[in-house]
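Engineer: The structure that follows is given in the form of structure tokens.
The values are calculated or read from the model by the stated rules, or taken from the named source; none is laboratory data. None of the values given here were measured: they were computed from a predicted structure. Here the Cβ is made from the backbone with ideal geometry for all residues, glycine too, and neighbour counts use every protein chain on show. Calculation scope for accessible area: heavy atoms of the full protein, side chains included, ligands and nucleic acids excluded. Shrake-Rupley method; radii C 1.70, N 1.55, O 1.52, S 1.80 Å.
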Amino acid sequence: MTSTTDLIALGNEHNSPSYAPGPLVIDRGERVTLFDHDGAEYLDFVAGIAVNALGHGHPELVKAIQEQAAKLLHVSNMFYTEPQIRLMDELCRLSFADRVFLCNSGAEANEAAFKLARRFQKVVAGKPNKTKIISMKNSFHGRTLAAVTATGQPKYHKGFEPLVPDFLYATFNDLDSIAALADETTAAIIVEPVQGEGGIVPSAPGFLAGLRALCDDVGALLIFDEVQAGIARTGTMFAYEYDGVAPDIMALAKGLGGGVPIGACIATDHAFEGFERGSHASTFGGNPLASAAALCVLEVIQRDGLCQNATARGEELMAGLRDIAAKHDVVEDVRGRGLMVGAQCAGTSAGDIVTACRDEGLLVNIAGGNTIRFVPPLIVTEADVTSALTRFETAVSKWSNQRAA
Ligand code: PLP
């Protein structure tokens, strides 16, 4: 058997320098546990960055993928397949949307949203100068050129200039800052209902409703990026339900396929008037394999009450983290919604604590520079949460003791 060290050396020889994976080679997973190349076990509270909604090796998801793979893998959008049709129908039944553009990732879903919004303003509203898109500082929308331009964090822009024109940045949870930028040239406003990569920051009550009113005032389309917060992660199927306000367009990905790559830009009939035949497309979008996986994920979430589970387990997790914060001054703030939880750490300690957690067999990662992100599979049990909290506290106290020594 090739050793972990040799495998990593080979990976590092060929991997894009833009990636810097941790020092593990993951071999397989079961439920909320990952096993590395040497057989060591880890409790997976990062879930492929909020992707593995049903955990690892979920028997129904495995069966759905296996059966679909044996039947039909791909035909492109030249033809319909039943899984694709059923998935679009289900997404519309569950949400505000009437139509769906299926693609393969979160960035692509946002890219589709921007193209749809701009084309809507030109073609449907008849306003060719209505091209500006307002996004939030500290947001994250993906890595394609338009999605990275929308991402309100300069560090992601560096070296890729010139960026896509007509993107403006306002302050999250500050309606005045958005009102100051919004006018008759605004095509759309995009916001994450809970900022993810920015450090797990939920929108303040009323913020989304305020954005809805602002968009209606200036004739802009409202886009919610629920790539990370959607698909039951925050305790409702979609995060916008929390505020009782619907967008015109929404981007989904991550948890939707439970680990199989899929994205979706979903929108109202009216917004979709912006597209006509040939306006936008993706070879793999709506591929029957990914669609079958997504249908299975949506079905299991509803049947097994995983929205309720996300709320209950998220409350236990946040309560436990707050207890730890009270005992160890290294954790400064705990926030989140459902199973999208952040523990903000003092100074630059978050990276060290993520490493200390790994040494205790707990996988988490960093969001927003100083916040430890907990986005476990939606199937976690109370016992999994208790185990994660024990490992986290051990990691924090070992790290604190080392620092003091
Ligand atoms: N939007 C949000 C809110 C995200 O969190 C991410 C990824 O982290 C993306 C978009 C980009 O998704 P992808 O990496 O699938 O392109």
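Engineer: What is the sum of charges around R391, taking Lys and Arg as +1, Asp and Glu as -1, for the other residues whose C-beta is under 10 Å from the C-beta of R391? Before the final figure, lay out the partial values.
Structural biologist: Numbers: positive: R358; negative: D359, E360, E393.
Result for the neighbourhood of R391: -2.
Engineer: Radius of gyration and Dmax for the chain's Cα atoms, expressed in Å?
Structural biologist: For the chain, the Cα radius of gyration and maximum Cα-Cα distance read 21.2, 68 Å.
Engineer: Which of these, G22, G235, G196, has the largest mean-square fluctuation under a Gaussian network model of the chain (Cα springs below 10 Å)?
Structural biologist: Result for the chain, Cα springs under 10 Å: G22 fluctuates most.
Engineer: Same structure, new question: Per residue, how many Å² of accessible area does the stretch 179-237 show with a 1.4 Å probe? Don't skip to the end; give the middle numbers.
Structural biologist: Working: 1410 Å² over 59 residues.
Counting only protein heavy atoms, the per-residue value for the stretch 179-237 is 24 Å².
Engineer: Here is a follow-up. What is the ratio of the Cα radius of gyration of the stretch 1-153 to 2.2 N^0.38 Å, where N is its residue count, to two decimals? Walk me through the numbers on the way to the answer.
Structural biologist: Values: Rg = 20.6 Å, N = 153, 2.2 N^0.38 = 14.9 Å.
Cα Rg divided by the expected 2.2 N^0.38 Å: 1.38.
Engineer: Turning to a different aspect of this structure: Pull out a ≥ b ≥ c, the square roots of the eigenvalues of the alpha-carbon gyration tensor of the stretch 85-209, then state rounded if a/c is under 1.5, prolate if not and a/b is larger than b/c, and oblate in the remaining case.
Structural biologist: On the way: a/c = 1.30, a/b = 1.18, b/c = 1.09.
Cα axes put the stretch 85-209 in the rounded bin.
Engineer: Taking only Cα atoms and a 10 Å spring cutoff, compute GNM fluctuations for the chain and point out the largest among D44, D248, D323.
Structural biologist: Maximum among the listed residues: D323.
Engineer: Another one. Looking at the chain, what % of its DSSP beta bridges pair antiparallel, to the nearest 5?
Structural biologist: Working: 32 of 50 bridges.
Among the beta bridges of the chain, antiparallel pairing accounts for roughly 65 percent.
Engineer: With a probe of 1.4 Å, find how much accessible area the stretch 243-299 has per residue, and write the answer as a whole number in Å².
Structural biologist: On the way: 1880 Å² over 57 residues.
Result: 33 Å² of accessible area for each residue.
Engineer: In addition: Per 0.36 nm of contour for each residue apart, how much would the distance between L72 and T185 grow if the chain were fully extended, relative to their Cα-Cα spacing? Intermediate results must be reported in sequence, preceding the final value.
Structural biologist: On the way: separation 113, 0.36 × 113 = 40.68 nm, distance 4.55 nm.
Stretched fully, the L72-T185 segment lengthens by 36.1 nm.
Engineer: With r as the distance between the Cβ atoms of T394 and N15 and R0 = 35 Å, compute the FRET efficiency 1/(1 + (r/R0)^6) and round to 0.05. Don't skip to the end; give the middle numbers.
Structural biologist: Working: r = 32 Å, r/R0 = 0.90.
According to the calculation, E is roughly 0.65.
Engineer: Please give the per residue accessible area of the stretch 8-153, computed with a probe of 1.4 Å over protein heavy atoms only, in Å².
Structural biologist: On the way: 7420 Å² over 146 residues.
Accessible surface, normalised per residue, equals 51 Å².
Engineer: When the chain is treated as a GNM, springs tying every alpha-carbon pair under 10 Å, which of E273, E161, E90 comes out with the largest mean-square fluctuation?
Structural biologist: E161
Engineer: What are the extents of the Cα atoms of the stretch 96-163 along their three principal axes, in Å, largest first?
Structural biologist: Projected onto the principal axes, the Cα atoms of the stretch 96-163 cover 35, 29, 18 Å.
Engineer: Further, regarding this structure: Sort largest first and round to whole Å: the equivalent ellipsoid semi-axes of the stretch 187-304, each the square root of five times a Cα gyration tensor eigenvalue. Please report the intermediate quantities before stating the final value.
Structural biologist: Numbers: eigenvalues 116, 83, 27 Å².
In descending order, the three semi-axes are 24, 20, 12 Å.
Engineer: In the structure shown, do any of K137/K398; K327/K398; K71/K115; K155/K254; K122/K254 have a Cα-Cα gap over 25 Å, and if so which?
Structural biologist: Working: K137/K398 35 Å; K327/K398 13 Å; K71/K115 34 Å; K155/K254 23 Å; K122/K254 31 Å.
Over 25 Å Cα-Cα: K137/K398; K71/K115; K122/K254.
Engineer: Oh, and also: Round to the nearest 0.05 the FRET efficiency obtained for A405 and K63 when R0 = 56 Å and r is the Cβ-Cβ distance. Can you show the working numbers first?
Structural biologist: Values: r = 52 Å, r/R0 = 0.92.
Using R0 = 56 Å, I get an efficiency of 0.60.
Engineer: While we're on this one: Round to the nearest 10 and report in Å² the accessible area of H58, as given by a 1.4 Å probe over the protein chains' heavy atoms.
Structural biologist: 30 Å²
Engineer: May I pose another question? Using a probe of 1.4 angstrom, how much of the accessible area of the chain is carbon and sulfur, in percent?
Structural biologist: Details: 9220 of 17390 Å².
That share works out to 53 percent.
Engineer: Normalising by the residue count of the chain, find the relative contact order in percent from Cα pairs under 8 Å and 6+ residues apart. Each step should come with its number before you reach the end.
Structural biologist: Numbers: 841 pairs, mean separation 86.8, N = 405.
With pairs under 8 Å counted, the relative contact order is 21 percent.
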